[in-house]
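The values are calculated or read from the model by the stated rules, or taken from the named source; none is laboratory data. All values derive from a computational prediction rather than experimental measurement. Every residue, glycine as well, gets a Cβ built from its backbone with ideal geometry; the counts of neighbours run over all protein chains shown.
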Amino acid sequence: MRDGERRWRRVVGTPLGLSAAALVLAVLTLAVLGPVLWGDAATAVDTDDILAGPSAEHWAGTDNLGRDILARVLVATRLSMLLALAAVVIAVTAGLVLGSAPFLLGRRSGRLVSAAVNVAVAFPGLLLALFFAVVFGVGATGAVLAIGLSGAPVFARLTQTLVAGVAARDYVSAARVAGVGRLRVLFRHVLPNIAEPLVVNATIGAGGALLSFAGLSFLGLGVQSPSYDWGRLLYDGAGAVYVNPAAALAPGAAVLVAGLAFNLLGESVAKGFGVPVLGEVRGRRRTGSGDATHQDAAHEAAPETARVTDEAPTAEDVVLDVRDLRVTFPGPSGPVRPVRGVSFSVRRGEAVGIVGESGSGKSLTALAVSRLVDDDGTVEASRLAFLGHDLRTTPTPAERRMLGTNLAMVFQDPMTSFNPTQRIGHQLAEVATTHLGMSRREAMDRAVERLDSVRIDDAVERVRRYPHEFSGGMRQRAMIGMGLMGTPALIVADEPTTALDVTVQQQVLDLLAAIRAADDVALVLISHDVTVVGEVCDRVLVMYAGRIVEELPAADLATAARHPYTRALVAAVPDMATDLEAPLATIAGRPVDPAEVPPGCAYAARCPLADARCRAQDPPLESTAGGRVACWHAGEPLPLLEISRPAEDPAEDLAENLVETP
């Protein structure tokens, strides 16, 4: 049984859901058949039976022309439903446009749209409806526009929140790396994944629109005679309420039942599908604090020797050249800079590893290189070039095509690397149809070929499968295959083995090594596992607090590291020679918060070699015989490392022991 069928069975499997579905079906059936079955009775005038009370012939009595009120209520179902649904369509359409605008327009223009939506949401819906009703005039058309536009801000807020959540997924980032335009990403990858909550909330909105329409018509601003809906009948019946209360009771009951049916159905579907409903979604707020002023001053005050390595290399085989890369985000107490002056280059066929603890800035560096930093972030660099193209400028169509075919991105979580609503083959083929000018058949053939090249069995059948039908390792290999749809010169792999078991990890690493060897592809491998990086890469960049603190050959990682942080990372990894009876080495303290980077060396608070100079002056990244290092005490012998061993008695506090650095 498919997931959709299972969800719908959960909806109608409850008494509330089944009752709501039956009521909605009855209302819709009545809207179709009402004018056919009771149209003549609703228009038949009987001057001999004016304002009659309820009787066997007229269950709800008659109006001031002797027409059957119940028949008119039944016939009015069609117009009431059509007008309410039209208003919902307007509300959802306008909400989609306004809610998607920040994603399409970018940071500055998107903020203006978001601010306008936030102001509109602050006003009560009925007040907005009355305002628009006055603007558009009295009548059914004006009422439809008034109800629709008054509901648009709420749908816009919901859409904006849902779009922001989906836009952060890896498969959207992969599409952007492939050079797919924002509009196509929106329609192909974002909107299909937010369709369920929008449909659910539109169902709930239909009930609210019915009530609002009835209110406008009752006030005389909606449907006008000779046409009539439930609100108009309620208005007419209110004038004779003392003579015949049923004249107002019948249309009021119809509005109540229909509105309740749609609301209950929407709530039931929301629970069954597990999606948010209007009023439960809150806008996300990015957090961050701190002042980066002292960081900038420290960088500017660095000796000129630190800038020697910032000169752009002249070698023709340089694929990626990064000089003085900075990434800044706004914070409540000033700008926050998680990446501070990173410089490195990657040559053709070379594998460069970037290691560091969580929050060191390694993944954000890769996102900046791939142009995937969020709109509220600012990327600055003295040089940021890929295959000679400047990545600091607004991309042209030709540059997007170049990035889409020459830069491949492999993300950390294989489950979020693909759009769950599309088949694997279609997602791989998108690169070929967008940038290589292939037909859909040619692109699918290439997708089969690429899946086969990344060792996925039965690729002809697999291209028709959805991502959830792949295992984690297969999804990761398929993600690599997506990157190979073009002719990549660089693969950026952001912790590609974190979510995989050890055996599958090795398969993915072997695959990356094979691709690199076969096509002379450069590789940037980001990981927190120094062992993996040491085995796969030629060079290693060690990052701490947004800076590169050491660069050295991978072969020297375990034996010739000079920075205390690098040596601590290596020492913290157990190997086959590790004494099982001895406690594991750890690094004392916690990583630095990017919003509160202290003056001087950021690692000083955790470093056993730190002195007053380290806490006052940030060491420059200077060239050494084997690479680069930023430390005032590079290569000096380390004192004893502080580690932890649990006490034999669990009730006792943890005892601190000292062992020598390996």
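Here are some notes:
- Residues satisfying the stated conditions in the stretch 569-590, i.e. surrounded by 14 or more Cβ atoms within 10 Å (Cβ to Cβ) and over 35 Å from the mean Cα position of the chain (by Cα): A571, P583, L584, A585
- Members of the stretch 122-165 found to be at negative phi, free of Cβ contacts under 8 Å to residues at least 40 places away in the same chain and part of a loop (DSSP other than H, G, I, E, B), listed by number: A122, F123, P124
- Cβ-Cβ under 7 Å pairs, at least 6 apart or on other chains, the stretch 444-471 side free of Cβ contacts under 8 Å to residues at least 24 places away in the same chain, far side surrounded by 17 or more Cβ atoms within 10 Å (Cβ to Cβ) and assigned to a loop (DSSP other than H, G, I, E, B): M444/V463; V448/V463
- Looking only at the stretch 528-554, residues that are small (G, A, S) and modelled with pLDDT under 90 come to 1 in all.
- Pairs meeting the criteria (first residue in the stretch 427-439 and in contact (Cβ under 8 Å) with a residue 24 or more places away in the chain, second residue assigned to a helix (DSSP H, G or I) and polar (S, T, N, Q), beta carbons under 8 Å, at least 6 apart or on different chains) are V431/T405; H435/T405; L436/T405.
- Comparison of N419, N406 shows that the only residue that is touching a residue at least 24 places away in the same chain (Cβ under 8 Å), within 20 Å of the chain's Cα centre (by Cα) and crowded, with 18+ Cβ neighbours inside 10 Å is N419.
- Scoring V319 on the criteria (1) without any contact (Cβ under 8 Å) to a residue 60 or more places away in the chain; (2) over 20 Å from A630 (Cβ atoms); (3) part of a strand (DSSP E or B) leaves a single failure, condition (1).
- Out of L18, L28, L65, L33, sole residue that is touching a residue at least 40 places away in the same chain (Cβ under 8 Å) and either more than 26 Å from L145 (Cβ to Cβ) or out of contact with any strand residue (DSSP E or B) (no Cβ under 6 Å at 6 or more places or on another chain) (or both): L28
- Filter result for L74 (in a loop (DSSP other than H, G, I, E, B) and closer than 29 Å to V241 by Cβ): no
- Residues satisfying the stated conditions in the stretch 8-36, i.e. more than 35 Å from the chain's Cα centre (by Cα) and small (G, A, S): S19, A22, A26, A31, G34
- Exactly one residue among L23, L51 is surrounded by fewer than 20 Cβ atoms within 10 Å (Cβ to Cβ), touching a strand residue (DSSP E or B) at 6+ places or on another chain (Cβ under 9 Å) and in contact (Cβ under 8 Å) with a residue 60 or more places away in the chain, and that residue is L51.
- The residues listed here are L186, L145, L198; of these, the one that is within 19 Å of D375 (Cα to Cα) and of a type in the set (A, V, I, L, M, F, W, C) is L186.
- Within the stretch 1-47, if we keep just the residues that are of a type in the set (S, T, Y) and part of a helix (DSSP H, G or I), the residue that is modelled with the highest pLDDT turns out to be T29.
- Restricting the search to strands (runs of 3 or more DSSP E) fully inside the stretch 451-555 and requiring at least 2 residues that are under 26 Å from the mean Cα position of the chain (by Cα), among the basic types (K, R) and over 25 Å from R400 (Cβ atoms) gives an empty result.
- Residue check for R232: assigned to a helix (DSSP H, G or I), charged (D, E, K, R) and either under 30 Å from the mean Cα position of the chain (by Cα) or within 30 Å of L484 (Cβ to Cβ) (or both): no
- The stretch 611-639 - residue that is aliphatic (A, V, I, L, M) and touching a residue at least 24 places away in the same chain (Cβ under 8 Å) and, of those, farthest from I354 (Cα to Cα): L638
- The residue list L484, L500, L525 contains one member that is closer than 14 Å to V410 by Cα, at pLDDT 85 or above and aliphatic (A, V, I, L, M), which is L525.
- Number of positions in the stretch 415-444 that are part of a loop (DSSP other than H, G, I, E, B) and of a type in the set (A, V, I, L, M, F, W, C): 4
- Scanning the stretch 121-166 for residues that are buried (at least 24 other Cβ atoms within 10 Å of the Cβ) and among the aromatic types (F, W, Y) gives a single hit, F155.
- Where a residue in the stretch 561-584 is β-branched (V, I, T) and its partner, wherever it lies, is assigned to a helix (DSSP H, G or I) and surrounded by 12 or more Cβ atoms within 10 Å (Cβ to Cβ), with Cβ under 8 Å and at least six apart: V570/V530; V573/V530; V573/T531
- G534 vs. criteria at positive phi, in contact (Cβ under 8 Å) with a residue 60 or more places away in the chain and surrounded by 14 or more Cβ atoms within 10 Å (Cβ to Cβ): no
- Contact annotation: residue pairs with Cβ atoms under 9 Å, 6 or more positions apart or on different chains, pairing a residue in the stretch 247-263 that is without any contact (Cβ under 8 Å) to a residue 12 or more places away in the chain with a partner that is not small (G, A, S), are A253/V73; L256/L211.
- Unique residue being surrounded by fewer than 22 Cβ atoms within 10 Å (Cβ to Cβ), over 24 Å from G231 (Cβ atoms) and of a type in the set (D, E, K, R) when the list is R78, R111: R111
- Those residues of the stretch 88-108 which are polar (S, T, N, Q) and exposed (fewer than 15 other Cβ atoms within 10 Å of the Cβ), in sequence order: T93
- Pairs with Cβ under 7 Å, 6+ apart, first in the stretch 598-610 and more than 18 Å from P637 (Cα to Cα), second part of a loop (DSSP other than H, G, I, E, B) and of a type in the set (D, E, K, R): G600/D618; C601/D618
- Out of R169, R188, R184, sole residue that is within 19 Å of the chain's Cα centre (by Cα) and crowded, with 21+ Cβ neighbours inside 10 Å: R169
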